[in-house]
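A.B. asks: Before anything else, here's the structure in question.
The values are calculated or read from the model by the stated rules, or taken from the named source; none is laboratory data. Small disclaimer: the values here were computed from a predicted structure and weren't measured. Positions of Cβ are backbone-derived with ideal geometry, glycine not excepted, and every protein chain shown enters the neighbour counts. Ligands, DNA and RNA are excluded from the accessible area calculation, which covers all protein heavy atoms including side chains. Shrake-Rupley method; radii C 1.70, N 1.55, O 1.52, S 1.80 Å.
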Amino acid sequence: MTAPVSDHYSAPRRSALAATVVALVASVTGCAGTRAPGDEPAPTGQALVIGASLELTGQGSALGTQQEHALRILAAKLDVDGVPVGRTRRPVRLELRDNQSDPTLAARQAGELAGDEGIQALVGGTLPETALALEGVARKRKIPFLSLAPGAAVTGSPDDEGYVFKLTPDDADVARRLAEAVAAQKLRRVAVLAAQGSHGDAGAEALPTALKAAGVRLDRTGRLPATGSDFRAAVRRVATGRPDAVLVWATAPDSGAAAKELRRSGYRGRSSSTAARSPSRRCGAPRRPLWRVPTRCTRCR
């Protein structure tokens with residue numbers, strides 16, 4: 001068994017870890033600046049190793065494969081530009097593993113990456129379950145961890161010492177934003193379709209409170225079956241009451257499958273998903289989106 005990393009970190013190493021994570025967060029959220037060729041010297045010295053455990057297969061593969069492409073592009077850029085550490089710029093190497101959407105495998109991979117590869121930072125977990133598994137290893141090993149999972153599955157604490165980061169907003173904030181968008185469009189009665197798992201649980205808990213605060217009546221809440229199952233029964237149960245809108249709290253591919261079943265069921269109201277990046281539809285015709293998920297850091301607008 002690989003021995004845990006020592007609790008003691010020198011100042012230069014902590015600076016390197018912080019710089020790597022900050023570069024990742026800034027680049028993915030759109031806050032990273034650009035530099036003209038020749039402005040800085042080429043990166044030199046030992047590469048900073050970033051470990052990634054993603055859902056390239058299994059339930060979370062729709063999101064995991066997208067993050068894989070993004071991370072590979074980002075790592076290639078950082079390897080050329082380098083990450084500033086003190087007065088030098090260090091190259092970056094990405095070590096990526098497929099966790100098969102399995103939390104147990106994700107935790108094992110995190111331990112192997114920390115021990116065998118000597119990673120300076122850990123990224124991954126597009127599913128809350130795998131993100132929590134990775135977070136547990138990162139906390140124990142004191143390795144900076146950047147979660148890609150939705151919602152509040154991963155949360156920092158005063159004891160983290162700056163080791164835990166996340167890209168996504170909290171579930172309560174997403175629910176409030178969605179409820180406000182519903183109220184602004186004078187939709188007074190809605191139904192909710194939430195995915196299976198902890199992400200769906202969080203939405204089913206957060207949305208009723210947010211909708212009530214916005215003055216919107218919740219007609220009913222339904223739960224989608226497991227990814228890849230037949231969604232027809234679940235969709236028709238919430239559409240039967242003909243609500244003004246159906247809010248789908250799910251990520252791809254469940255969000256798209258639910259939207260397709262809503263159209264097939266003959267539902268004629270509005271619909272929107274927490275995974276949506278394109279306009280919602282009514283009666284098959286394009287309309288303004290019910291709401292839009294922020295895709296970049298709001299501080300950079």
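A.B. asks: Checking residue 72 against (1) at pLDDT 75 or above; (2) open to solvent by less than 80 Å² (accessible area, probe 1.4 Å); (3) over 20 Å from residue 163 (Cα atoms): exactly one of these is not met. Which one?
C.D. replies: Residue 72 satisfies all of (1) at pLDDT 75 or above; (2) open to solvent by less than 80 Å² (accessible area, probe 1.4 Å); (3) over 20 Å from residue 163 (Cα atoms) except (2).
A.B. asks: Among the residues of segment 205-233, which ones are open to solvent by less than 80 Å² (accessible area, probe 1.4 Å) and β-branched (Val, Ile, Thr)?
C.D. replies: 216, 221, 227
A.B. asks: Return the residues of segment 170-204 that are over 15 Å from residue 269 (Cβ atoms), open to solvent by 60 Å² or more (accessible area, probe 1.4 Å) and over 21 Å from the mean Cα position of the chain (by Cα); say none if nothing qualifies.
C.D. replies: 180, 184
A.B. asks: Just checking, which of 268, 236 is in contact with a Cys (Cβ under 8 Å, 6 or more places away or on another chain), at negative phi and either open to solvent by 30 Å² or more (accessible area, probe 1.4 Å) or assigned to a strand (DSSP E or B) (or both)? Quick ask: steps written out before the conclusion?
C.D. replies: On the way: 236 fails: in contact with a Cys (Cβ under 8 Å, 6 or more places away or on another chain).
That would be 268, the only listed residue that is in contact with a Cys (Cβ under 8 Å, 6 or more places away or on another chain), at negative phi and either open to solvent by 30 Å² or more (accessible area, probe 1.4 Å) or assigned to a strand (DSSP E or B) (or both).
A.B. asks: Do any strands (runs of 3 or more DSSP E) lying entirely in segment 88-141 carry at least 1 residues that are surrounded by fewer than 24 Cβ atoms within 10 Å (Cβ to Cβ) and among the β-branched types (Val, Ile, Thr), and which ones are they? Lay out the reasoning, then the answer.
C.D. replies: Details: elements: 88-90, 92-98, 121-124.
So the answer is 88-90.
A.B. asks: When you go through (1) open to solvent by less than 60 Å² (accessible area, probe 1.4 Å); (2) among the charged types (D, E, K, R); (3) at pLDDT below 50 one by one for residue 296, which number turns out not to apply?
C.D. replies: The number of the failed condition is (1).
A.B. asks: Considering only segment 67-90, state which residues are in contact (Cβ under 8 Å) with a residue 40 or more places away in the chain and either basic (Lys, Arg) or within 16 Å of residue 149 (Cβ to Cβ) (or both). If you could, list the steps in order and put the result at the bottom.
C.D. replies: Here is the first cut: in segment 67-90, the ones in contact (Cβ under 8 Å) with a residue 40 or more places away in the chain are 67, 70-71, 74, 77-78, 81-86, 88-90.
Within segment 67-90, 67, 70, 71, 77, 89, 90 meet the criteria.
A.B. asks: Right, next: Pairs, please: C-beta under 6 Å, at least 6 apart or cross-chain, first residue closer than 24 Å to residue 257 by Cβ and in segment 211-223, second open to solvent by 50 Å² or more (accessible area, probe 1.4 Å) and basic (Lys, Arg)?
C.D. replies: Cβ pairs passing all conditions: 219/189; 222/237.
A.B. asks: Here's a follow-up. Kindly indicate whether any position in segment 167-179 is polar (S, T, N, Q) and at pLDDT 90 or above.
C.D. replies: Filtering segment 167-179 for residues polar (S, T, N, Q) gives 168.
Now restrict to residues that are at pLDDT 90 or above: none.
Scanning segment 167-179 turns up no residue that is polar (S, T, N, Q) and at pLDDT 90 or above.
A.B. asks: If I ask for residues that are part of a loop (DSSP other than H, G, I, E, B) and either farther than 18 Å from residue 197 by Cβ or open to solvent by less than 40 Å² (accessible area, probe 1.4 Å) (or both), which ones from segment 239-261 would you list? Let's see the steps before the verdict.
C.D. replies: Going through segment 239-261, the residues part of a loop (DSSP other than H, G, I, E, B) turn out to be 240-244, 250-253.
Once the filter is applied, which keeps residues that are part of a loop (DSSP other than H, G, I, E, B) and either farther than 18 Å from residue 197 by Cβ or open to solvent by less than 40 Å² (accessible area, probe 1.4 Å) (or both), segment 239-261 yields 240, 241, 242, 243, 244, 250, 251, 252.
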